[in-house]
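The values are calculated or read from the model by the stated rules, or taken from the named source; none is laboratory data. Computed from a prediction, not measured in an experiment: that's the story for all the values here. Note that each Cβ is placed from the backbone with ideal geometry, even for glycine, and that neighbours are counted across all protein chains shown. When the accessible area is computed, the model is the full protein with side chains, heavy atoms only, and any ligands, DNA or RNA have been set aside. Shrake-Rupley method; radii C 1.70, N 1.55, O 1.52, S 1.80 Å.
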Amino acid sequence: MDQQALSRREVEALLDFYMASGVDGFLEEEAVDRFVMPAAPSASSSLAFLSGGGAPPAAPTGAPHPQTRPAQPAERRQPPSPALVMPAAGAQGNAVIPDQAAISSARERALTAASLEELQQILGTFDGCNLRLTAKNLVFADGNPTASLMFVGEAPGRDEDIHGKPFVGRSGQLLDRMLMAIGLDRTNAYIANVVPWRPPGNRTPTPQETELCKPFIQRQIALANPDILVFLGAASAKSLLGVQDGIRRLRGRWMEYDTGGRKIACMATYHPAYLLRSPLEKRLSWRDFLSIKARMAELSPGKSS
Ligand code: URA
């Protein structure tokens, strides 16, 4: 047998590694002439290649996944095994290995933000999370920061990464239609994610990445100070409420989220990406949205936002 041939396991591990590195776009809108590229690419340009940099890749990443588990938004892939959560070769000079000290530093930095604008600036220069090395943009928030209703998703996908705004892809469009169904739009809702950078290849953020980003979303919620907080999908609810229940158990129940200074009414509901592939569940989401609307009227009578 050829000594150089890779075993099936090795090939699978290599493909996993490519996936973790963001190689999810084999085709781009325009052909890339690699012969005219610099012979020794810099860390950032080699990363841009790995994440399909330059023109947005044409590879479809938002296609519904055949799997129907509700806990996971449709377009997410499983995170790589810890051994594969290594930054791409060439990026290691800038990358950090997340540890407890990095999480404490994230917490300290998040707490220094006195406004949402400051928090966005701090995140823009925060180099403790390696996801920023492969993402095109920081995806901080969209909507009205003074709204009484706030939504929190898991992490941006490809479209969000390109536009630097949360929930602008297919699931975001569904979220807009759901808001419209209860007489709202993005002028009366504020929208953010637990993780503000796109994980390469739309994989699920690793627990370390989520822990590193958590202090920032916690601060973002405290600064936005909504009356009602809605978790889109189990992932954001689990990380911010510290619960283990699946979304079927969690959704539709009013709970309390403690900002440290105030308790906010909160609820988890299905992630719109899940609804895109399980449209029958929309009837339960509709119930949740009606309940949100009723709660808003209760908490701020006479106010639509
Ligand atoms: N899914 C999320 O959780 N967040 C987004 O911004 C988009 C898709």
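The gain in end-to-end length when the Arg248 to Leu14 segment is fully stretched comes to 80.7 nm, 0.36 nm per residue minus the alpha carbon separation. Between the beta carbons of Thr187 and Ser104, assuming R0 = 45 Å, the FRET efficiency works out to 0.75 to the nearest 0.05. Under the simplified labelling scheme, the Arg283-Ala5 pair shows an inter-label distance of 5.5 nm, with each label point 7 Å from Cα along Cα→Cβ.
Ordering Trp197, Ile292, Ile264 by the projection of their Cα atoms onto the charge dipole of the stretch 151-305, which places +1 on the Cβ of Lys and Arg and -1 on the Cβ of Asp and Glu, puts Ile292 at the extreme positive end. By accessible area, using a 1.4 Å probe on protein heavy atoms only, the stretch 100-297 has 48% of its surface on carbon and sulfur. The overall shape of the stretch 185-246 is prolate: from the C-alpha gyration tensor, with semi-axes ordered a ≥ b ≥ c, the ratio a/c is 1.5 or greater and a/b exceeds b/c. The distance linking the stretch 250-284 with the stretch 134-193 is 15 Å (Cα centroid to Cα centroid, whole angstrom). Placing +1 on the Cβ of every Lys and Arg and -1 on the Cβ of every Asp and Glu, with no other charges, gives the stretch 206-256 a dipole of roughly 200 debye about its Cα centre. Rounded if a/c is under 1.5, else prolate if a/b is larger than b/c, else oblate: which is the stretch 106-185, with a ≥ b ≥ c the root eigenvalues of its Cα gyration tensor? It comes out oblate by the Cα gyration axes.
Do the alpha carbons of any pairs in Lys263/Lys293; Lys238/Lys263; Lys136/Lys282; Lys136/Lys165 sit beyond 21 Å of each other, and which pairs?
On the way: Lys263/Lys293 19 Å; Lys238/Lys263 17 Å; Lys136/Lys282 32 Å; Lys136/Lys165 12 Å.
Flagged as over cut-off: Lys136/Lys282.
Only Lys, Arg, Asp and Glu carry charge here, each on its Cβ (+1 for the first two, -1 for the last two); on that basis the stretch 100-297 has a dipole of about 660 debye about its Cα centre.
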